Amino acid sequence: MKTLSRFTTARSIVAALVAVAVSLSLAPTTAFAQTLGVASPNGGVDAKIRVDAQGAKFDLAFNGATILKDSRLGMTFKDAKLGDLQIIGAISSSSDETWTNKFGKCETQIDRCSELTLKLREKDGAKRGYDLVFRVYDDAFAFRYVLTEDGGLAKEGEPVTILSDDSVFNFGDPNLEAWASFYPKYNTSQEEMFHKVKLSEIKTDAFVGSPVIVQGANWRAAITEADLIDWSGAQFAAADGLDGAIKIRLTPRDDGQGAVVRKAPASSPWRVVLLGETAIDIVNASTEILNLATPCQIDDVSWIKPGNAAWDWWAPKSRKVTNEFYYEFIDFASKMGWEYLLVDAGWARDAKFGTNATDEELCVPGIDMPKLVAYARERNVDVLLWAHYSWARKEGERKLMERCVKWGVKGLKIDFMDSHSQEMVAWTTETCKIAAELHLLIDYHGMYKPTGFERTYPNQITREGVRGNEYNRWHIQTATHTATLPFTRCMLGPADYTPGGFLNKHKDEFVSLEKNKEPGATCQVVGTRAHELALCMIYDSPLRCYCDLPKNYEGEPGLEYLRALPTVWKNTKALEGEIGEYYVVERESFDGDFYVSAITNEAARKVELKLDFLPKDKEFEVALYVDAEASAETATAIQIDAKTVRQNDVLTIDMAPEGGWNAVFRAK
């Protein structure tokens, strides 16, 4: 259901004071300067945009505190060096809309903002230019560039080539602390860890991923982008000549033709600043990323089925995949009530793609895919298949997907794109379109961060772009890392982290699979059993792939928690936490149950949990899966308990070092 209240006022910009809606004001401050303002519905976020001979800039304030000052706006074009710009038109509007999201962390999305569109054109000469659109929420600020047909940046019908996005976020203080992830180059799998640094430690030639979180005395700001479609993906670096400022770095095109080539009309992604007083506020503000995304492009989404999956790749160093190998996973998934088996790498002959191979020629010996799918379906389990990106390019995207449909496969996990050039971003959209036509789910691995695309194409059920549990095969995933992700990568959108490891170890006894010399060894994870269970609930992913083997799950305490754990939610609220230290989140399921999970880093921690999220005048039976007294020494130790509670009760979340806490509340 949607409700929309919108008003629009437009005026030509003149040298005198002009007042329009949304607290918009315009006045000349110098002979060639124009200043306008736009504020959020509650007035707490206030932006000022200034255009003068030095170009366009903006200031941003939150609850009276200046966050950004003299932050440059603009783009550099290959074939159009623009002269001095001026505002020749302005349109202001406000929006108060709700829309329904069945595939995320909140069913009802409230999209309430003020919007300002400015038409920027050259003062002299050809009068070329573009539009700037600003949206201001109570907890976010966003802007985007719009190439218009009357912009004159290219000959009629020809594309515009953009060399750079010159946007700058000027915090003005190089000593401010930030959380950032550093990549070695433009195009990677975006699986780096986030580090706490000062803004001065970010260099002008850095490749910093999303989000960048900056913290002041009484505010937090997270910089990212939203609605990345047919454009180059953004990274960040220090701005030249400005202390405490971050600039955008657009990924170059694969063909060397600048960063973006588009015909007008076309819009850039939104450049987004999420705002809050605390890190928890930023997490709760992240729903604005979906509000900024293009609405769903699929007419019928009834076939899209979120769910849990068994997964085979968390396996011994050497594994031989056959139908019989996968039957064990299917049987276990069926017993657990999980919807899927994800068949990972190893099932196909790479060299056979693009050769018109038969099914038998394509699959390795021992794999009969139609037979495997039939076996799974008889047990109410559907099959998802891993595929290398190159297979789709060689075979043809549609042809590969049609073969999967013929087999009865329900989705593809496509891997190793490792790029967010404009061409790759466009390819992502095109593959999702084809998959939607064929009713296939898509799970992108080796993929850039989320930008709200799961709203536009919800059959893109999840994506990687995260340093996930698989890294325990070669390195280590510390409790500090897992307590950092809810505030950084995981707040941007679905993350296929593959949680659920049951070989739980504390950091000082952990051995990666690569270094483990025991015959038949499988992967360990750092953190207590309750910690790992909590990751399954804390990290959003409409498709949750449980990493461990059936033999490591069977008969283990805590397994029952994973039997019916939802993957999509009616409502979600982050309750408490600090980046890299601890995190507490509460969710409501579509069945009317309430879930709370918490994790901590290497420090033991106690947190008081008020149950004011429960409905009044009802008793709830709460099932607890929490750290035991022995968990500080033995990571697999867990206490499973039950008690009756009401809304006015308070529970103590008591976590061991590298620990966790989980509760399921069901009305009696």
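What to note about this one:
- Placing unit charges on the Cβ atoms only, positive for Lys and Arg and negative for Asp and Glu, gives region 541-633 a dipole magnitude near 380 debye about its Cα centre.
- The heavy atoms of Glu177 offer some 70 square angstrom of accessible surface to a 1.4 angstrom probe.
- When the convex hull of its Cα atoms is viewed from all sides, region 306-367 shows a mean projected area of 5.2 nm².
- Solvent-accessible heavy-atom area per residue, rounded to whole Å², over region 299-378 at 1.4 Å: 45
- Beta bridges per DSSP with both ends in the chain, % antiparallel, nearest 5: 85
- Based on the convex hull around the alpha carbon atoms, region 302-342 presents an average projected area of 3.4 nm².
- With contacts taken as Cα pairs under 8 Å at a separation of at least 6 residues, region 541-649 carries a relative contact order of 19 percent.
- Selection from Ala392, Trp347, Val283, by position along the positive dipole direction of region 276-398 (Cβ): Trp347
- For Asp84, solvent-accessible area (1.4 Å; no DNA, RNA or ligand), Å²: 80
- Region 551-591: C-alpha gyration tensor shape, a/c 1.5 cut-off, then a/b vs b/c: oblate
- Directionally averaged shadow of region 195-260, computed from the convex hull of its alpha-carbon atoms, nm²: 5.5
- Neighbourhood charge, 13 Å Cβ-Cβ cut-off, centred on Arg50 and excluding it, Lys, Arg +1 and Asp, Glu -1: +1
- Leading residue at positive end of dipole, the chain (Cβ point charges), from Leu68, Tyr625, Ala642: Leu68
- Additional length obtainable on full extension of the chain from Lys317 to Asp240, 0.36 nm per residue less Cα span: 23.0 nm
- Rounded to the nearest 20, the Cβ-based charge dipole of region 94-141 about its Cα centre (Lys and Arg +1, Asp and Glu -1) stands at 320 debye.
- The Cα atoms of region 590-667 give a gyration tensor whose axes a ≥ b ≥ c have a/c of 1.5 or more with a/b greater than b/c, which makes the shape prolate.
- In a DSSP loop and with at most 12 other Cβ atoms within 10 Å, the trypsin sites (Lys or Arg not before Pro) in region 186-250 are Lys203.
- Taking all C-alpha pairs of region 226-381, those more than 25 Å from each other amount to 62 percent.
- FRET efficiency for Asp96 and Arg349, using Cβ-Cβ distance with R0 set to 45 Å, rounded to 0.05: 0.25
- Legend: Rg and Dmax of region 58-191, from Cα coordinates, 18.4, 51 Å.
- Between 0 and 90°, nearest 10: helix 397-407 axis offset from the chain longest Cα axis: 30
- Here the translational diffusion coefficient of region 43-124 follows from Stokes-Einstein with Rh set to the Kirkwood radius across Cα pairs; for 20 °C and 1.002 mPa s it amounts to 137 µm²/s.
- Estimated Rh, region 303-418: Kirkwood, alpha-carbon pairs, angstrom: 14.5
- Within-12-Å neighbourhood charge of Thr251 [Cβ basis; K, R +1; D, E -1]: -2
- Distant alpha-carbon pairs in the chain (separation over 44 angstrom), percent: 23
- Å³ per residue enclosed by the Cα convex hull of region 528-630: 134
- Per residue, the convex hull around the alpha carbon atoms of region 484-567 comes to 108 Å³.
- Cβ-based charge dipole, region 105-185, positive-most Cα from Val146, Leu176, Ala126: Ala126
- Per-selection Rg to Rh, region 121-255 - Cα, Kirkwood hydrodynamic radius: 1.01
- Calculated accessible area for region 134-218 comes out at 41 Å² per residue, all protein chains present (probe 1.4 Å; ligands, DNA, RNA ignored).
- C-alpha center-to-center spacing [region 244-292, region 320-374] in angstrom: 38
- Equivalent ellipsoid semi-axes, region 442-585, via Cα gyration tensor eigenvalues times 5, rooted, Å: 25, 17, 16
- Overall shape: rounded for region 202-318, with the ratio a/c of the largest to smallest alpha carbon gyration tensor axis below 1.5.
- Crossing angle, helix 529-538 versus the chain [Cα axis fit, 0-90 degrees, rounded to tens]: 40
- Here the chain has 47 percent of its accessible surface on carbon and sulfur atoms, given a 1.4 Å probe and all protein chains in place.
- Calculated [θ] (222 nm, deg cm²/dmol) that DSSP helices of n ≥ 4 give over the chain, each run adding -39,500 (n - 2.57): -4000 deg cm²/dmol
- Our Cα-only numbers for region 376-473 put the radius of gyration and Dmax at 13.5, 42 Å.
- Taking a Cβ cut-off of under 14 Å around Val664, the surrounding Lys, Arg, Asp and Glu residues balance to a net charge of -2, with basic ones at +1 and acidic ones at -1.
- Here region 81-123 is described by how far its Cα atoms reach on the three principal axes: 48, 22, 9 Å, from widest to narrowest.
- Euclidean distance of C-alpha centroids, region 75-119 and region 489-547, integer Å: 39
- Dipole magnitude of the chain about its Cα centre (Cβ charges: Lys, Arg +1; Asp, Glu -1), debye to nearest 20: 1140
The values are calculated or read from the model by the stated rules, or taken from the named source; none is laboratory data. Model, not experiment: these values are computed from the prediction. Glycine also receives a Cβ, built like all others from the backbone with ideal geometry; neighbour counts cover every protein chain displayed. In case anyone asks, the SASA skips ligands and DNA or RNA and just uses the protein heavy atoms, side chains included. Shrake-Rupley method; radii C 1.70, N 1.55, O 1.52, S 1.80 Å.
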